[in-house]
Structures are given as structure tokens and as C-alpha cells.
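Working notes, structure below.
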Amino acid sequence: MGVEVSVSGLTKSFGSQNIWRDVSLTLPTGEVSALLGPSGTGKSVFLKTLIGLLHPEQGSVIVDGTDITQCSAKELYEIRKLFGVLFQDGALFGSMSLFDNIAFPLREHTKKKEDEVRDIVMEKIDLVGLTGAEDKLPGEISGGMRKRAGLARALVLDPQIILCDEPDSGLDPVRTAYISQLLIDINAQIDATVLVVTHNINIARTIPDNIGMLFRKELVMFGPREVLLTSEQPVVKQFLSGDRFGPIGMSEEKDSAVAAQEEAMAAAGISGGGTKDDFTEIIPQVQPNPGMPERKAIARHRQRVLELLPTLPPDAQEAVRRGMAEEDEIRAENRARDHSGLVPDDAPTAPLRVVGGRTQSV
């Protein structure tokens, strides 16, 4: 089972350059969370701070009851065993084969025999679709393949906390769908706490239980995805729609003259180029593959959303209720399919995606 990660008053700078300040949030036990934000807002820095690779100037990061900003090096070493981390560039050892890269945590942190190591590594290699490439060096494969190898290594110890820095970077849409589904299936199997940094709005709308957003050195919002997806906060709406008109500019601090010019263009009916998707609709989350257990996080997350529901605007409340009803219908259909025997326990399954409120095989 995953563990809670509680961040309070976190501030990080490099010299005189402040990255973000007074960041406070809690990654709920066993839930999937996503962190959004424009490029350069310190999302990767945040992940590295969570595992103690970077030390903040202020604040605390409490993992399984231990504040890693204050603990000893020995305690930090033990805490890190709870984590599986997919870095943005894969972070593979260039002189090792993919097999040895993925096996590294097992050889470093366990006393498993080599035949056990091989079984586990080959299972993870198959999970991420790299069977047949295990003897290749990182320099001999594509960036997307390196990313998938990095994910296999992150999963090899069945971690309680999984951190993924842009897991879709370098992947085509189909592989992105598979990786997203894999994270949901892993969460269903071991109830791991997951944090995903992404720019992919489709992932943000369909994968996490919770969403946060960094902008201008601050955490703009963090909470159940239903709250953020129905938010009227200008920076959130602009980011989700991918529109150039709004608080986010090419540089982090948008020039006032540029902002005024864009406002005039918008008033004149000129498009900012963003998507016209209806973000008042809460698209149901991707569900675990047939034959997988139901996610334990669903009940915990649903309870929190119901408690927050009366505080949301009427339109948002209605959108959330519709989304919940669709999710309940999809889960009921999946349970009926599993119980009917239409999907044998040993049958290979294709990831399911939510399209128009219904699951479809990829």
C-alpha cells in the first residue's frame, strides 16, 4: 500500500533565483496525482526535492512519518527505497544494457538470486513493451524506448510511491495511452501513491484523482481533479485550453502591453488558438484493465469530493455529479464483464481508454 507524502511551506532557490515558495500539499495515500504548470516553473525540481536530491531552504517533506529535510543520510537512504522514480530523460547508465539498468535497484537493494532478478526484470520489460531490446545500450535505442526502460526500472521494486516526470515525453499517442493505463493498473494492484508531472491535458483530465498547478513561483491550486477542471481561475482555464490569451505568456511574467493587446484582440473576436473543448464536462477516469482489482483510492477520493461539492458553483456541482454517474456506470459494466467470464483470467488485455464517457480498447 502507498504512503502519504505531506509537503508544508516548501521554498526552493538556486542562488538568488527563487524557484517556488511556500508550497504546501498532501499526496493522499494510494491516489494518483498530477502536477501541471508552464515550462520552467520548477516541476522537476519539486520531484527531486520530494526524494531528497535537492534540499529546500524552508519547509518540510514528511514521508511515512519522517521529515526527509531533517533526517540523517542513513534514514534518507531507507526512505528512498519507498520510491520508484521515472526521470524526465530516463537517467539510464549509458554503459549498461537495458536489462542491467532495470536490474540495478534489485541488485543494489535486495539479496535476490540472479534467476529471481531475471524473472522480475523480464516481467517489467514485457510490461513496457521492450521485449527483445533488453541487451541494447541506451544509446542504441530511441528516446521513447529509453523513457519506457526508465519506467520499468522505476517499477522493479514495486514501490509504494511512484514519481513520473513527463512519462509521455518522447512517446507517440498510442504508447502514451499504454503508459497511462499501466500506471492505473499498477495503482489498482498495489495501491501505490503516484505523482505525475505532465503537460498532456488528456492525461490530466483522465488519469489523476488530484491535480495541482505551479505558476509564478507558487502553487496555484491542488486538490481533487473535479475542482480544478471546473475552476474559473484564469491561469488554470488558459493552461487547460492551450490558449495564448491569458496570464501565461512566452516568458513567465507577461508584459502588460502584450496583455492589453491580447485583450483587445480577444474582444474583437480574434482566436487565441486554444482548444474549444467543453471543460465543464468531467470526463470519467481511465479504469483498470479487465481482470484487475478495482482501485481502492476511488472510495477515499469520492468521499473527499462529496464533502467539497457544496462549496462549488452550481454548474460545477452538476458536472461533477454527471461525471460520477458515468464512472459508476463504467465500473458496473467492467464488473459485469469480469463476472460473466467473457474475459478469461489469463487472456491478454488491451488498455481501455475513456472516449465520450465510455471505455474503448486501444
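Side notes on the structure shown:
- Of the GluC sites (Glu not before Pro) found in segment 205-246, those that fall in a DSSP loop while having at most 12 other beta-carbon atoms within 10 Å are 232.
- The chain - mean residue ellipticity at 222 nm from DSSP helices (-39,500 (n - 2.57) per run, n ≥ 4, rounded to 500): -12000 deg cm²/dmol
- Sorted largest first, the principal axis extents computed over the alpha-carbon atoms of segment 1-126 equal 48, 31, 28 Å.
- 16 Å cut-off, amide nitrogen to a point 7 angstrom out along residue 24 Cα→Cβ, residues in segment 42-59: 58-59
- As a proxy for reagent exposure, 327, 108 were ordered by neighbouring Cβ count within 10 angstrom, fewest first; the result is 108, 327.
- Hull volume in cubic angstrom per residue (convex hull over the Cα atoms of segment 5-222): 125 Å³
- Shown here for segment 31-98: trypsin sites (Lys or Arg not before Pro) in loop regions (DSSP other than H, G, I, E, B) with at most 14 other Cβ atoms within 10 Å, namely 81.
- Max mean-square fluctuation residue, GNM over the chain, Cα-Cα springs under 10 Å, options 306, 137, 228: 306
- Pair-distance distribution of segment 3-70: all C-alpha pairs, bin width 5 Å, starting at 0; shares per bin in whole percent are 4, 17, 29, 28, 16, 5, 2, 0.
- Among the listed pairs 74/136; 43/81; 124/296; 217/296; 113/136; 124/237, those whose Cα-Cα separation exceeds 31 Å are 74/136; 217/296; 124/237.
- Sites listed here are GluC sites (Glu not before Pro) in segment 57-101 whose DSSP assignment is loop and whose Cβ has at most 12 other Cβ atoms within 10 Å: 57.
- Neighbour-count order for 12, 113, 296, 147, fewest beta carbons within 10 angstrom listed first: 113, 296, 12, 147
- Here the gap between residue 340 and residue 115, fully extended at 0.36 nm per residue and compared with their Cα-Cα distance, gives a gain of 77.2 nm.
- Dimensions of segment 200-256 from C-alpha coordinates, computed as largest minus smallest value along each principal axis and given longest first, are 35, 20, 18 Å.
- The fewest-to-most ranking of 235, 63 by surrounding Cβ atoms within 10 Å reads 235, 63.
- Between residue 258 and residue 216, the modelled label-to-label distance comes to 1.4 nm, taking each label 7 Å out from Cα in the direction of the beta carbon.
- For the chain, the relative contact order comes to 18 percent (Cα pairs under 8 Å, sequence separation of at least 6).
Quick note: the coordinates plus some simple rules give every number you see, no bench work behind them. Keep in mind that this is a model prediction, so the values were computed, not measured. FYI the Cβ positions are ideal-geometry reconstructions off the backbone, even for glycines, and counts take in every protein chain you see.
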